[in-house]
Amino acid sequence: MKQPFICYLMVSALALAGGCAQPPTDKLTTAEKAINEARAAGAPTYLAEDFAKLEGMLTAAKREIAEQDAKFAMLRDYDKAEQLLAAVETDAARVNTDATKKKEEAKAVALQAQQEAQEEVKATQELVKKAPVGKDQKPLQAIKADAQGLIASLSEVQTALDAGDYRVAQIKAKAIQEKSLAVQAEIQRAMTKVGAAKGQKDKQVKKHPSQ
């Protein structure tokens with residue numbers, strides 16, 4: 001009598017064990033992959049708030065799985081964790097798409113800013129050629145140094161573009177434009193000053209012509 005009863009208990013235990021809930025390992029892997037893809041698409045930069053929510057949901061799902069793992073096998077329930085992981089996968093796909101779109105928009109803006117910066121630097125170089133030359137060469141040398149520095153800065157914009165740092169590229173390009181305009185204004189002031197001095201000298205010559 002005892003042996004059949006023991007066998008019955010063993011079979012029952014095995015059946016119950018077979019019916020215990022299993023952690024959603026595959027779904028966790030899928031959710032992590034979806035988040036990594038969103039990260040690669042630039043979500044932390046272009047959709048920072050949405051991406052932070054995704055990471056928070058994944059953390060919550062992992063915490064829920066850990067809590068269930070700590071329970072007695074018969075009491076484990078991974079439904080909540082599975083729901084969170086499913087939500088992560090769905091939202092990550094949307095964030096991935098939106099981030100990709102915003103990244104492309106940022107690239108277009110950065111390329112436009114780069115082109116405008118290049119044009120301003122070129123205009124500055126042309127104006128430098130017309131800069132007045134006086135006895136004191138220091139002001140002109142300083143202007144030329146600033147103009148040369150603008151050319152070097154353009155390479156930094158290209159480096160940022162190559163790295164996919166489109167916001168950084170845009171910021172650097174805008175800074176170059178502003179610096180170029182400042183150098184141009186400085187040259188224009190110098191040219192105006194020299195022109196005024198020359199005009200004054202010509203008036204004096206006309207007023208007191210040499211005999």
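Scan 102, 179, 107, 80 and give me the residue that is of a type in the set (Lys, Arg) and either more than 30 Å from residue 57 (Cβ to Cβ) or outside any helix (DSSP H, G or I) (or both).
Unique residue meeting the criteria: 179.
Looking at (1) under 25 Å from residue 25 (Cα atoms); (2) open to solvent by 70 Å² or more (accessible area, probe 1.4 Å); (3) in contact with a Leu (Cβ under 9 Å, 6 or more places away or on another chain), find the lone condition where residue 111 falls short.
Just one mismatch for residue 111, condition (1).
Just name the residue that is modelled with the highest pLDDT out of those in segment 140-189 that are surrounded by fewer than 19 Cβ atoms within 10 Å (Cβ to Cβ) and in contact with a Pro (Cβ under 9 Å, 6 or more places away or on another chain).
Across segment 140-189, the extreme among qualifying residues is 186.
Step by step: first the residues of segment 61-83, then only those that are touching a residue at least 40 places away in the same chain (Cβ under 8 Å) and open to solvent by less than 50 Å² (accessible area, probe 1.4 Å), then the one that is nearest to residue 31 (Cα to Cα). Which residue is that?
81
Of the residues 21, 40, only one is on the phi < 0 side of the Ramachandran plot, small (Gly, Ala, Ser) and open to solvent by 40 Å² or more (accessible area, probe 1.4 Å); which?
40
Out of all the residues in segment 23-44, is one or more in contact (Cβ under 8 Å) with a residue 12 or more places away in the chain, more than 24 Å from residue 164 (Cα to Cα), part of a loop (DSSP other than H, G, I, E, B) and over 32 Å from the mean Cα position of the chain (by Cα)?
yes
When both residues are 6+ apart or on different chains and their Cβ atoms are under 8 Å apart, which pairs have a first residue that lies in segment 118-132 and is closer than 16 Å to residue 156 by Cα and among the hydrophobic types (A, V, I, L, M, F, W, C), and a second that is at pLDDT 90 or above and assigned to a helix (DSSP H, G or I)?
121/150; 121/151; 121/154; 121/176; 121/180
Given the conditions (1) under 30 Å from residue 173 (Cβ atoms); (2) open to solvent by 90 Å² or more (accessible area, probe 1.4 Å), which single one is not true for residue 53?
With respect to (1) under 30 Å from residue 173 (Cβ atoms); (2) open to solvent by 90 Å² or more (accessible area, probe 1.4 Å), residue 53 is out only on (1).
The values are calculated or read from the model by the stated rules, or taken from the named source; none is laboratory data. Note that this is a predicted model, so its numbers are computed, not measured. With ideal geometry, Cβ positions are generated from the backbone for all residues, glycine too; neighbour counts draw on all protein chains shown. Calculation scope for accessible area: heavy atoms of the full protein, side chains included, ligands and nucleic acids excluded. Shrake-Rupley method; radii C 1.70, N 1.55, O 1.52, S 1.80 Å.
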